[in-house]
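Remarks on the structure that follows.
The values are calculated or read from the model by the stated rules, or taken from the named source; none is laboratory data. Bear in mind that the values here come from a model prediction, so they are computed numbers and not experimental data. Here the Cβ positions follow ideal geometry from the backbone for every residue, glycine too, while neighbour counts run over all protein chains shown. Accessible surface areas use protein heavy atoms only, side chains included; no ligands, DNA or RNA. Shrake-Rupley method; radii C 1.70, N 1.55, O 1.52, S 1.80 Å.
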2 protein chains.
Amino acid sequence: MRIPVGISSRHLHLSREHLALLFGPYYELGAQKPLRQPGQYAALETVTLVGSKGQIEGVRVLGPTRASTQVEISRTDAVRLGIKPPVRESGDLKGATDVVIRGPAGEVVARESTILAWRHMHLHTAEAKELGLESGASVSVSVLGPRALTFHNVIVRVNPQFRAEFHIDTDEANACGLINGDAVELSAV
Amino acid sequence: MRIPVGISSRHLHLSREHLALLFGPYYELGAQKPLRQPGQYAALETVTLVGSKGQIEGVRVLGPTRASTQVEISRTDAVRLGIKPPVRESGDLKGATDVVIRGPAGEVVARESTILAWRHMHLHTAEAKELGLESGASVSVSVLGPRALTFHNVIVRVNPQFRAEFHIDTDEANACGLINGDAVELSAV
């Protein structure tokens, strides 16, 4: 089965509370375009991330809002900001790094918000069954070409709401030359 | 054998002609610090790279000068500049990308100068013999940790002037979490 590659640029998910502090009371995100995972969308809104060594403007907010603010950046971004986020699965924010987020209406220190995303694969329940994989499995994915490499520790997440997608960040994509629209195959570990 | 990791940040080697155009006639590079490979040094001088989509300041010149100007950047940098350099071994510049280089005394369009460096390993002749490797061999290198991966297509370069060093760029280092000072082992392919 060919699995499409989804390369995550730096982005963030906001809590209701932080959305109000950054954009104003009762503010609602606007949808710019839907993402491949049903119900998720890139919002019209962007923010600035501020660290001790630099700042990055135009960081895209994804919707809808979540219980906790979660900022996902590349290690290249982290060096630029001067922070050292851990590699974590989405939602696992204990010990995540703090970062300052600046919006048009204000600024917040988002505590335990910032991670480097653990590379993972979304699969629909039927797709997982076809591949003989369960949620939480760890697989390897090989990429060919001059920068051929094998990613290990790819966590599988299975959900009837998901569509097959291999998620890596921009550093990981650049290290092997993948671009959005490419597809990969699972490899024997 | 443990092989130290050398992470290459963006840098460039200048021809005599380009050095003069960028810094002035008869200009000589100053040495800031020696590199691990004997005779090579980071120069005091930096330049600005200019592309259609952006520019990057403070790009370090390495000395001594070479027959041809060679600019080595990460794919992250390439996206920022708006150029698409090929993945190439050092010195193999046919079909390399053009880039504008700006120095204090002038600007040049460096034709066929810019590449993404092909990941490689420097070995002293004695070290290569110990490992049973010849110059030009292709090996794999595995990295452990949450971002565990295996780099394939690592080209071995053997020379009595070299010291063992595994060379990757910042994207490749960030994709697996390596930092300068780390060491790797060769893995079975």
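Annotations for the structure displayed:
- Selection within segment A:37-53 - of a type in the set (D, E, K, R) and open to solvent by 50 Å² or more (accessible area, probe 1.4 Å): A:53
- Residue count for segment A:42-53 satisfying the condition of being in contact with a Gly (Cβ under 9 Å, 6 or more places away or on another chain), in a strand (DSSP E or B) and over 13 Å from residue A:32 (Cβ atoms): 2.
- Test set (1) over 13 Å from residue A:11 (Cβ atoms); (2) open to solvent by less than 30 Å² (accessible area, probe 1.4 Å); (3) within 13 Å of another protein chain (Cβ to nearest Cβ) - residue A:115 fails condition number: (1)
- In the set (1) touching a His at 6+ places or on another chain (Cβ under 6 Å); (2) in the same structural domain as residue A:142 (by TED's automatic domain parsing), residue A:131 fails one condition alone, (1).
- Test: residue in segment B:106-115 that is closer than 23 Å to residue B:175 by Cβ and in contact with a Cys (Cβ under 9 Å, 6 or more places away or on another chain): no
- Selection within segment B:133-189 - among the polar types (S, T, N, Q) and more than 15 Å from residue B:2 (Cα to Cα): B:135, B:138, B:150, B:153, B:159, B:161, B:170, B:174
- Selection from segment A:84-105 of residues that are closer than 18 Å to residue A:58 by Cβ and of a type outside the set (Lys, Arg): A:99, A:100, A:101, A:103, A:104, A:105
- Residue that is surrounded by fewer than 16 Cβ atoms within 10 Å (Cβ to Cβ), more than 21 Å from residue B:79 (Cα to Cα) and under 14 Å from the mean Cα position of the chain (by Cα), where the choices are A:91, A:30: A:91
- Note on segment B:1-27: among residues that are hydroxyl-bearing (Ser, Thr, Tyr) and surrounded by 14 or more Cβ atoms within 10 Å (Cβ to Cβ), the one that is nearest to residue B:104 (Cα to Cα) is B:27.
- In segment A:54-88, the residue that is most open to solvent (accessible area, probe 1.4 Å) out of those that are among the charged types (D, E, K, R) and not in a helix (DSSP H, G or I) is A:84.
- Only one of B:147, B:157, B:111, B:163 that is free of Cβ contacts under 8 Å to residues at least 24 places away in the same chain and in contact with an Asp or Glu (Cβ under 9 Å, 6 or more places away or on another chain): B:111
- All positions within segment A:128-146 that are open to solvent by 60 Å² or more (accessible area, probe 1.4 Å) and away from chain B (no Cβ under 14 Å): A:129, A:130, A:132, A:134, A:135
- Looking across segment A:147-185 at every residue that is touching a helix residue (DSSP H, G or I) at 6+ places or on another chain (Cβ under 6 Å) and either of a type outside the set (Val, Ile, Thr) or within 14 Å of another protein chain (Cβ to nearest Cβ) (or both), the one that is surrounded by the fewest Cβ atoms within 10 Å (Cβ to Cβ) is identified as A:160.
- Yes/no for residue B:83 being within 14 Å of chain A (Cβ to nearest Cβ) and farther than 22 Å from residue A:79 by Cα: yes
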